[in-house]
Amino acid sequence: MYALVPFVANSTCGKAPVTSPFRRGRYAGRQCQKGRQGCDVMDAGDRPARLTVGVLGAGKVGSALGAALAQAGHRIVAASGVSDNSQRWAADRLGLTPSRPDEVVAAAQLILLTVPDDALPDLVNGLATTGADLKGKLLVHTSGAYGLSVLDPAAKAGALPLALHPVMTFTGRDDDLNKLTGISYGVTAPDPLRPIAEALVIEMGGEPVWIADADRALYHAALAGAANHMVTLIAESQDLLARIGVEHPGRMLGPLLGAALDNVLRLGIAGLTGPVVRGDAGTVRKHVDALILAAPEAADAYIALARLTADRALAAGLLKPEEAERLLDALGGNIWT
């Protein structure tokens with residue numbers, strides 16, 4: 001059984017209030033105010049018990065989430081950061097001079113682990129093996145790909161494990177904190193800690209979405225494929241347009257991309273337009289031939305995505321089998337790689 005920290009959860013997101021087993025005093029029975037996207041956010045008078053918070057890795061994400069928790073009334077007491085940017089963000093966003101990791105852990109009841117994914121296992125193992133006092137402390141990582149198992153060494157030492165992944169891009173710009181309002185968080189938590197995880201997310205203005213531990217890698221792959229690869233595709237399109245003399249590629253692409261995004265979010269694959277769904281094999285082949293000459297590294301990506309698009313259009317009944325066959329013929333037989 002987890003030794004729970006004194007944190008009160010009184011938050012809802014389209015369902016009955018969730019009350020933790022450690023509710024205290026004047027917060028009992030209080031309700032939340034309606035926030036964005038139908039998700040409740042607590043007002044200043046209804047906030048639960050405040051926590052001291054430490055940030056291990058005060059980079060773009062850690063400093064933004066730390067600032068959001070501070071806005072919710074929690075007290076950011078320590079942060080660590082190695083790079084010059086992390087040290088600057090710790091000072092500018094959190095008002096702190098970076099400390100050693102062991103000092104961050106010692107000072108905080110809630111510890112944010114906001115380091116790159118590949119660094120997370122070593123960080124957790126280091127905390128556990130160096131004897132850091134983790135008993136009864138909330139240990140929260142923000143990785144999308146990892147679930148709770150990466151925190152097992154710390155949990156065995158008494159830490160309370162949570163995975164809270166903000167579904168948002170962070171650039172280090174001043175508007176990072178504003179982007180947190182209304183976003184989803186992919187949340188994985190042991191059952192006894194779910195009320196705490198939900199309350200923390202809602203206090204930061206977000207909406208908790210529960211992700212099974214075994215599904216974290218697929219969940220993150222879906223997000224990265226949509227957001228990160230979209231950036232690559234659009235940047236490539238901008239470069240190709242600039243190469244043929246388009247002065248403002250972003251201005252040309254903006255309305256088209258906005259409409260395409262709106263279509264797919266509202267309609268799914270039924271919002272698909274363009275030569276693939278029309279079965280225009282000749283046009284698709286012209287695209288491939290042009291890319292082979294101008295940007296052969298982009299031709300492979302175009303072909304892979306066109307095949308995936310044809311497969312999905314065929315499965316949805318938007319493309320006839322004979323049209324799909326002609327498209328696949330137009331996309332095949334390339335030997336330039």
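The table that follows gives values for the structure above.
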item: Count of residues meeting criterion [in a helix (DSSP H, G or I) and open to solvent by less than 40 Å² (accessible area, probe 1.4 Å)] in segment 85-116; result: 6
item: Identity of the residue in segment 117-155, farther than 21 Å from HIS220 by Cα and of a type in the set (S, T, N, Q), that ends up surrounded by the most Cβ atoms within 10 Å (Cβ to Cβ); result: ASN125
item: Residues of segment 290-333 that turn out to be aromatic (Phe, Trp, Tyr) and either more than 29 Å from the chain's Cα centre (by Cα) or more than 19 Å from THR273 (Cα to Cα) (or both), as a count; result: 0
item: Sole residue being in a helix (DSSP H, G or I) and modelled with pLDDT under 55, chosen from GLN37, GLN31; result: GLN37
item: Qualifying residue in segment 260-274 (condition: over 31 Å from the mean Cα position of the chain (by Cα) and surrounded by 13 or more Cβ atoms within 10 Å (Cβ to Cβ)); result: no
item: Condition broken by PRO296, with the remaining ones in (1) out of contact with any helix residue (DSSP H, G or I) (no Cβ under 9 Å at 6 or more places or on another chain); (2) without any contact (Cβ under 8 Å) to a residue 40 or more places away in the chain; (3) open to solvent by 50 Å² or more (accessible area, probe 1.4 Å); (4) of a type outside the set (Asp, Glu) satisfied; result: (2)
item: First in segment 312-337 and under 11 Å from ARG285 (Cα atoms) and of a type in the set (Asp, Glu), second anywhere and at pLDDT 95 or above and assigned to a helix (DSSP H, G or I), Cβ under 8 Å, 6 or more apart; result: ASP329/ALA281
item: Answer from GLY158, GLY172 - the residue that is of a type outside the set (Lys, Arg), surrounded by fewer than 17 Cβ atoms within 10 Å (Cβ to Cβ) and more than 30 Å from GLY225 (Cα to Cα); result: GLY158
item: Subset of segment 134-156 that is free of Cβ contacts under 8 Å to residues at least 60 places away in the same chain and in contact with a Ser or Thr (Cβ under 8 Å, 6 or more places away or on another chain) - its residue that is farthest from GLY59 (Cα to Cα); result: PRO153
item: Some residue of segment 99-106 being hydroxyl-bearing (Ser, Thr, Tyr) and at pLDDT 95 or above; result: no
item: Unmet criterion (only one of (1) closer than 26 Å to ARG93 by Cβ; (2) touching a Ser or Thr at 6+ places or on another chain (Cβ under 8 Å); (3) buried (at least 23 other Cβ atoms within 10 Å of the Cβ)) for GLY205; result: (3)
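Rundown of residues vs (1) closer than 17 Å to ILE234 by Cβ; (2) of a type in the set (Phe, Trp, Tyr); (3) open to solvent by 50 Å² or more (accessible area, probe 1.4 Å), yes/no style:
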| position | (1), (2), (3) |
| --- | --- |
| MET252 | yes, no, yes |
| ILE292 | no, no, no |
| LEU305 | yes, no, yes |
| GLU322 | no, no, yes |
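The values are calculated or read from the model by the stated rules, or taken from the named source; none is laboratory data. Since this is a predicted model, take the numbers as computed values, not measurements. FYI the Cβ positions are ideal-geometry reconstructions off the backbone, even for glycines, and counts take in every protein chain you see. Calculation scope for accessible area: heavy atoms of the full protein, side chains included, ligands and nucleic acids excluded. Shrake-Rupley method; radii C 1.70, N 1.55, O 1.52, S 1.80 Å.
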